[in-house]
1. Answer yes if at least one residue in the range 448-459 is part of a strand (DSSP E or B), open to solvent by less than 10 Å² (accessible area, probe 1.4 Å) and either over 25 Å from A500 (Cα atoms) or not polar (S, T, N, Q) (or both), and no otherwise.
2. For the range 20-111, list the strands (runs of 3 or more DSSP E) that sit wholly inside it and hold at least 1 residues that are open to solvent by less than 20 Å² (accessible area, probe 1.4 Å); which are they?
3. Quick check on my filter: what residues within the range 138-178 are charged (D, E, K, R), buried (at least 18 other Cβ atoms within 10 Å of the Cβ) and in contact with a Ser or Thr (Cβ under 7 Å, 6 or more places away or on another chain)?
4. Within the group E671, E685, E705, E689, which residue is at positive phi and surrounded by fewer than 17 Cβ atoms within 10 Å (Cβ to Cβ)?
5. State which residue pairs qualify: first residue farther than 12 Å from T691 by Cα and inside the range 38-50, second residue open to solvent by less than 10 Å² (accessible area, probe 1.4 Å) and modelled with pLDDT under 95 in any location, beta carbons under 7 Å apart, and separation of 6 or more residues or different chains.
6. Restricting to the range 243-285, give me the number of residues that are outside any strand (DSSP E or B) and surrounded by 21 or more Cβ atoms within 10 Å (Cβ to Cβ).
7. All but one of (1) open to solvent by less than 10 Å² (accessible area, probe 1.4 Å); (2) closer than 16 Å to P680 by Cα hold for L771; which doesn't?
8. Could you count how many residues in the range 655-684 are of a type outside the set (A, V, I, L, M, F, W, C), part of a helix (DSSP H, G or I) and modelled with pLDDT of 80 or more?
Amino acid sequence: MQKQAMRDSVITEADTCREFVTPRLVEAGWGTAPHAIGEQRSFTNGRVIVAGGKVRRGAQKRADYLLYYRRDYPLAVVEAKEVSRPAETGVQQAREYAEILGLQFAYATNGYRIIEIDYTTGTEREVERYATPDELFARLTAATALPQTAPTHLLEPFNLVSGKVPRYYQQIAIHRVIEAILLGQKRILATLATGTGKTCVAFQICWKLWNSRWNRTAEHRRPKILFLADRNILVDDPMAKMFAPFGDARHKITGSDTSQSRDMYFGIYQALSTSSTDVFRQYRPDFFDLIIIDECHRGSSREESAWRAVLDYFEPAVQFGMTATPLREESRDSYEYFGNPIYTYSLRQGIEDGFLAPYRVHRVITSVDAAGWRPGKDELDRYGRAVPDEEYQTKDFERVVALRARTRAMARHLSDLLKGTDRFAKTLVFCVDQEHAAEMRQELMNLNSDLVKQYPDYVCRVTADEGAIGLTHLSHFQDVDKPTPVILTTSQLLTTGVDAEMVKNVVLARVVGSRAEFKQIVGRGTRMKVDYGKEYFNIIDFTGTATRHFADPDFDGDPARLEEVTVDEAGEVLETAQSEAPNAAEPEGQYMFGAEQGDSTTDNGDGSDSAEGCILGDPPKEPRKFYIDGGQVEVIGHLVYDLDTDGKKLQVVKYTEYSGRAVRTLYPTREALQSAWVNPDTRMEVLRELTLRGISFAELAASSEQPDADPFDLLCHLGWNAPLLTRRQRAESAKRQTQDLFAQYGESAREILSLLLERYVERGILQFNTLSELMKVPPFDGYGSPSEIATQHFGDVHSMKNAVFQLQTALYQ
């Protein structure tokens, strides 16, 4: 027994899996085709963490084992721990992973003992062996009451011709939708955040049902499926790309072509129901087996909507709605029509899993947005009209009154931001209407004339007025290999359905009152393109929209950082401040901007928007708004936000203040921080926690103007107002304290320790975290290899590490 215990104590988790877990899984029938075993399967990418302009990945979620009934149908997760630990230590993680992956079965084991968790019965018990694949699948189908024909459709393989395997949350959505269909549910809703691949989900559902010959009437035929949306761009792109494997089975319904001989149909409401005829009535009400409604929150389910007639007419079909908008007032009709979603994958979760790009929020304030604008006495606008003597706020700009100076200040600030970072970073500017988009384009062109000379399409407007030319600009903007256009100005057209992976800046030059629309706009930047350097993006907010929406506790995607910038009439930065991600409502006061009053563009439904009113240069037929070309936009200051002690009032604080608060949250006293900082192992944990909170020492040193301070001193100074010491002062003090240590070793060892102190003065303590690597570079490599340095100059590795540890401890006495 004693020998066995000693042996168990040295067996690692990997040894446990190889010697105990895998053989027992194989005994149960797993690993024999078609029942696969997936070992060490990562199912998230790890959150992208941005700190000091540098990007790193957080930890991935990785299952020790996933047990597959078929290639694309997992049934259970197994969490293994080394044999020296109780099997119970893996239960919580097994449960967590099973719930994330939507699995009904989980196992925790230490190799000897097996604990089975069965969500279908709500039980957790120790078992003698793993259940066989058929036993688990029988339990699952019995618990869900699926019909006998279900396996044929449910287990149909994914189409992987594209090489893209659906992510874990996409697989959950696909399987749950198909299960709901097989159980006879007629209306189904799934909520997946923008950028998480709703089209992929729709395609795989269609493919599995089509390839397995499912249909409502149980006849031996392929189903008739309609993919329905309200904009051409939302159906043309999927039809041409994602749904290409359907080949000739695809057909787009138009007023002139209502072919009924295909299987996979695409259409927009406006083509199905025109002002002159209801094209959809050329199909029988029971013609379609399944209708997929993309972006279903955009009005299709509203009872009073003309588009609702299409869904009502095809009532016999199963209707599956997809939306990126969780339940709120603007999407309540979708929930009332379809019912509660059978699966939800939020923006917050997508960012946490590392599938969506995180973002920084820059809150830029112009003087007129801060204090309002009032016309001078008897002031006339561009066309000689008297401007009503009222005070105009952010919600009124470009709707009631158009201030050219404000647009110019916005354009100048954006241009300066790009010049300071990347002038070829793809940027979307959302303006109030087409006029505003045209003015913004003109200002940006003039401010970037050096690049416009070389790239005439550096800045483009993409609205309905541009027609085919605008769509060409958009296509080039989306192409990751084309450098231009770099900046697109728009109003409504690009808020949804535009897949542009390289968008690095989303600019809000208009108020967006609708949460649904705001999420769609944010979604323009959330797509990742790591191989092209796109891992996060900026939201540049000129109107307070982002601040207000992010402050809502119901919003499901906090920003990595908030940055507030005050600019003058020339677009020059006066002050910058950083803040924590908010979780509370924006306070009342002059920065509480009103709700959006409705855009002056209207949705034509065919993927376009149109401007009401005038064309630039011509007097408007109706005084839709007043045009002010003169005046100045002056800076009067800004409000600084932070979360108060109740967490209910949002303020913005300077980066140094934010860092000080973060340190005090992690370590209540200076002594607690010092204790963790001295030890290299626990210091790594300190650095990890600070990085997770967006704190970079390089950025901190620059912000506090203390380039020579030790990181520890910076943290103590900001956290507890402790006096600052330079690294030179700490090194000299440490050498005085360690005279006994130096006396223990020969001349060469003393030289190495002295060089370590000098290197600390030059570069700081963080290099000590990788001592073996440090010993490989000059001047240390002159004393031999790391192992030679340890044995020849210090006696052995342990002695060298102990000496360096004492030296580090002395640095922080």
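1. Step one: of the range 448-459, the residues part of a strand (DSSP E or B) are 459.
When the remaining residues are screened for being open to solvent by less than 10 Å² (accessible area, probe 1.4 Å), the result is 459.
If we keep only those that are either over 25 Å from A500 (Cα atoms) or not polar (S, T, N, Q) (or both) too, we end up with 459.
Scanning the range 448-459 turns up at least one residue that is part of a strand (DSSP E or B), open to solvent by less than 10 Å² (accessible area, probe 1.4 Å) and either over 25 Å from A500 (Cα atoms) or not polar (S, T, N, Q) (or both).
2. Values: elements: 37-42, 48-51, 54-57, 62-70, 73-80, 105-109.
Answer list for the range 20-111: 37-42, 48-51, 62-70, 73-80, 105-109.
3. E156
4. Numbers: E671 fails: at positive phi; E685 fails: at positive phi; E689 fails: at positive phi.
After ruling out the rest, the residue left standing is E705.
5. Here the result reads T44/D353; T44/G354; N45/D353; N45/G354; G46/G354; R47/I351; R47/G354, each pair linking the range 38-50 to a residue that is open to solvent by less than 10 Å² (accessible area, probe 1.4 Å) and modelled with pLDDT under 95.
6. The first filter runs over the range 243-285 and keeps only residues outside any strand (DSSP E or B), leaving 243-249, 253, 255-256, 258-263, 269-272, 274-277, 279-285.
Keeping just the survivors that are surrounded by 21 or more Cβ atoms within 10 Å (Cβ to Cβ) gives 243, 253, 269, 271-272, 280.
Going through the range 243-285 one residue at a time, the tally reaches 6.
7. Going through the list (1) open to solvent by less than 10 Å² (accessible area, probe 1.4 Å); (2) closer than 16 Å to P680 by Cα, L771 breaks only (1).
8. So in the range 655-684, the residues of a type outside the set (A, V, I, L, M, F, W, C) come out as 655-661, 664-665, 667-671, 674-675, 679-683.
Subset that is part of a helix (DSSP H, G or I): 655-661, 664-665, 670-671, 674-675, 680-683.
Adding the requirement that they be modelled with pLDDT of 80 or more leaves 660-661, 664-665, 670-671, 674-675, 682-683.
The qualifying residues number 10.
The values are calculated or read from the model by the stated rules, or taken from the named source; none is laboratory data. Here the structure is a predicted model, which is why all the values come from computation and not from measurement. All Cβ positions, even for glycine, are placed from backbone atoms using ideal geometry, and neighbour counts span all protein chains on display. With ligands, DNA and RNA removed, areas are computed over all heavy atoms of the protein, side chains included. Shrake-Rupley method; radii C 1.70, N 1.55, O 1.52, S 1.80 Å.
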